[in-house]
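Just so it is clear, none of the values below were taken in a lab; they were calculated from the coordinates. Quantities reported herein were computed from a predicted structural model and do not represent experimental measurements. Every residue, glycine among them, receives a Cβ derived from its backbone with ideal geometry; neighbour counts consider all protein chains shown.
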Amino acid sequence: MQISITVNGQQRTDEVEPRLLLAHYLREVCGLKATNIGCDTTSCGACTVIVDGLSVKSCTVLAAQADGGQVTTLEGLAGPDGEMHPVQQAFREEHGLQCGFCTPGMVMAAVGVLADNPDPTDREIREGLEGNLCRCTGYHNIVRAVRSAAQAGPAAGQVPQAQEVAR
Amino acid sequence: MIPGSFELVRPASVEEAVAALVEHGDDAKVLAGGHSLLPLMKLRLAMPAVLVDISRIPGLSYVRVEGDEVAIGAGTRHHELEKDAVAAAEVPILPYVASQVGDPQVRHRGTIGGTVAHSDPASDLPTALLALGGTVVVQGPSGRRDIPITEFWLGFFETALAEDELIVEIRVPRTGSAGWAYEKFTRRANDWPIVAAAAVDGRVALANMAGSVVRATATEEALARGASIAEAAALADQGTSPGADMHADQDYRRHLARLLTRRALEKAAGAPAAAA
């Protein structure tokens, strides 16, 4: 079947099997390999991306379900001049990562948390990230990074190139 | 893990969806948020030949007051219910329980119709819906019919829904300021409940104490004849048939059912708003 998805601001049309998962579409068809596949069972959150403004686990979404929509991956967060998104900047400054495997999903989930709640408490940050596992257990600095990003202003919860999608 | 091959049908209306279900019979499964179905398909525990994607049908996502009831569109996603002002005012147990499902990413996809149709005995929202009572509105080739919620879940992954019928709406009574609570016991933050108890307006439902979600009828009867909360809650596991797994054996689940029922009833009796 044919699908048209705006990925990181660029519209593309691809011929895919209906069973193709969004995570595989992004990695294999679009060549965007920041999105990691960890548990592959909707548990770990490593494959989190933003679809139509909401965080989702792309291992449990068909590419066809995103047909006609807007998808943002970690690659789409930084500005065109390479300037990091406030959440990326905060993860770097607060050392919100250790091995880095969970980081793309953690950053995208954090953007989703801040889009929903621009000024979360630490508890709200932790609950907002409950679907993302860090096997290094580096949670303290991740929470610190999200708090720091929130203090940087409302831009931390904004998804570049995302537009309101009429439903 | 990759699902088996299937044909994807994307109806634009409920009528088209029902027609697809009639045409494909038990070869077809309905896809809404996909957060129960796609994991099963990735494990090849489900291999439907046809998926009927109802998520593009307009007008299936809403929460509105209709007379003494609140009507919820089957396509309403958990995060929408969680933040819905009408639901918060009229039937506050539902937004709270919606907020207890999985994690934010799961709640962004999962729908109330999907969790009702799936009939997993450990599901949060069906437990609350069973305590509320109400109606599942389904549409088939000969039109709509109402199925009482108390008669909807027949067992593990088994419901009263015919294979050519689609859930279109859930209707529950407006509970307003009546006391309510949902007590969910998990090992980790975003787990399914090992056992959960929902209490609202003197009714109690339990998750994971049988093949489907069940009412704690002995507790309800005891409350109706004036028993204390402690006495009534001590009967919560009567008539249940919990399973055993690596998390809990049957005795422990029975203990949890009694304990969580007592906590839920106490919370519901004490402060209506305290559980949130």
Inset, instruction - Would you work out which of B:Leu45, B:Ile2, A:Pro80 lies farthest towards the positive end of the dipole of the protein assembly as shown? Charges go on Cβ: Lys and Arg +1, Asp and Glu -1. - result: A:Pro80
Legend entry - Most mobile listed residue (A:Val87, A:Val29, A:Val61) in chain A, GNM with C-alpha springs under 10 Å: A:Val29
Inset, instruction - Would you pull out the residues with amide H under 5 Å of A:Leu21's amide H, same chain only if 5 or more places away, H placed 1.01 Å from N? - result: A:Ala63
Inset, instruction - Let me know the mean shielding of B:30-42 by other chains, meaning the per-residue number of their Cβ atoms within 10 Å of its Cβ. - result: 3
Legend entry - For segment B:54-62, 3J(HN,Hα) per residue [Karplus equation, 6.51 cos²θ - 1.76 cosθ + 1.60, θ = phi - 60°, Hz, x = Gly/Pro]: 8, 6, 9, 6, x, x, 9, 10, 6
Inset, instruction - Given the peptides B:241-251, B:80-90, arrange them by the average over their residues of other C-beta atoms within 10 Å, most packed first. - result: B:80-90, B:241-251
Inset, instruction - Among B:Gly67, B:Trp192, B:Ala205, pick out the residue whose Cα is farthest towards the positive end of the charge dipole of chain B, where Lys and Arg carry +1 and Asp and Glu carry -1 on C-beta, about the Cα centre. - result: B:Trp192
Inset, instruction - Provide a whole-number value for the mean count of partner chain Cβ atoms within 10 Å of the Cβ atoms in peptide A:129-138. - result: 3
Legend entry - Pairwise label distance in nanometres, B:Glu7 with A:Thr137, each label 7 Å out on the Cα-Cβ vector: 5.2
Inset, instruction - Let me know the mean shielding of A:58-66 by other chains, meaning the per-residue number of their Cβ atoms within 10 Å of its Cβ. - result: 5
Legend entry - Under-5 Å amide H pairs with B:Glu7, H placed in peptide plane, nonlocal only: B:Val50, B:Leu51
Inset, instruction - Among B:Glu220, A:Glu83, rank each residue by its count of other Cβ atoms within 10 Å, from fewest to most, as a rough exposure measure. - result: A:Glu83, B:Glu220
Inset, instruction - State to the nearest 20 debye the size of the charge dipole of chain B about its Cα centre, where the only charges are +1 on K and R beta carbons and -1 on D and E beta carbons. - result: 820
Legend entry - 5 angstrom amide H check on A:Val7, placed H, neighbours 5+ away: A:Arg12, A:Val71
Legend entry - Over chain B: helical MRE at 222 nm, DSSP H runs n ≥ 4 each giving -39500 (n - 2.57), nearest 500: -9000 deg cm²/dmol
Legend entry - DSSP-defined antiparallel bridges as percent of all bridges, chain B, nearest 5: 85
Inset, instruction - Please work out the Cα convex hull volume for chain A and give it in Å³ per residue. - result: 105
Inset, instruction - Order by neighbour count: A:Thr13, B:Thr217, B:Thr111, fewest other Cβ atoms within 10 Å first, most last. - result: A:Thr13, B:Thr217, B:Thr111
Inset, instruction - With only Lys, Arg, Asp and Glu charged, each at its Cβ (+1 for the first two, -1 for the last two), find how big the charge dipole of segment A:86-157 is about the Cα centre; round to the nearest 20 debye. - result: 220
Inset, instruction - Convert each backbone phi in segment B:71-83 into a coupling constant with the Karplus relation 6.51 cos²θ - 1.76 cosθ + 1.60 (shift: θ = phi - 60°), then list the ³J(HN,Hα) values in order as whole Hz, x for Gly and Pro. - result: 9, 10, x, 4, x, 5, 7, 4, 6, 6, 5, 4, 9
Legend entry - Selected from A:His95, A:Gly157, A:Thr13, residue furthest toward positive end of dipole (chain A; charges at beta carbon): A:His95
Legend entry - Whether the protein assembly as shown is rounded, prolate or oblate, judged on the alpha carbon gyration tensor where a/c under 1.5 counts as rounded: oblate
Legend entry - Packing-based exposure ordering (other Cβ within 10 Å, fewest first) of B:His24, B:His255: B:His255, B:His24
Legend entry - Backbone HN-Hα couplings from phi across segment A:37-47 [Karplus 6.51/-1.76/1.60, Hz, Gly and Pro as x]: 10, x, 7, 6, 10, 6, 9, 8, x, 4, 8
Inset, instruction - With only Lys, Arg, Asp and Glu charged, each at its Cβ (+1 for the first two, -1 for the last two), find how big the charge dipole of chain A is about the Cα centre; round to the nearest 20 debye. - result: 340
Inset, instruction - Starting from the Cα of A:Lys57, draw a straight line to each of the lysines and keep only those under 29 Å, dropping any in the same chain fewer than 8 residues away. - result: A:Lys33, B:Lys29, B:Lys42, B:Lys83, B:Lys184
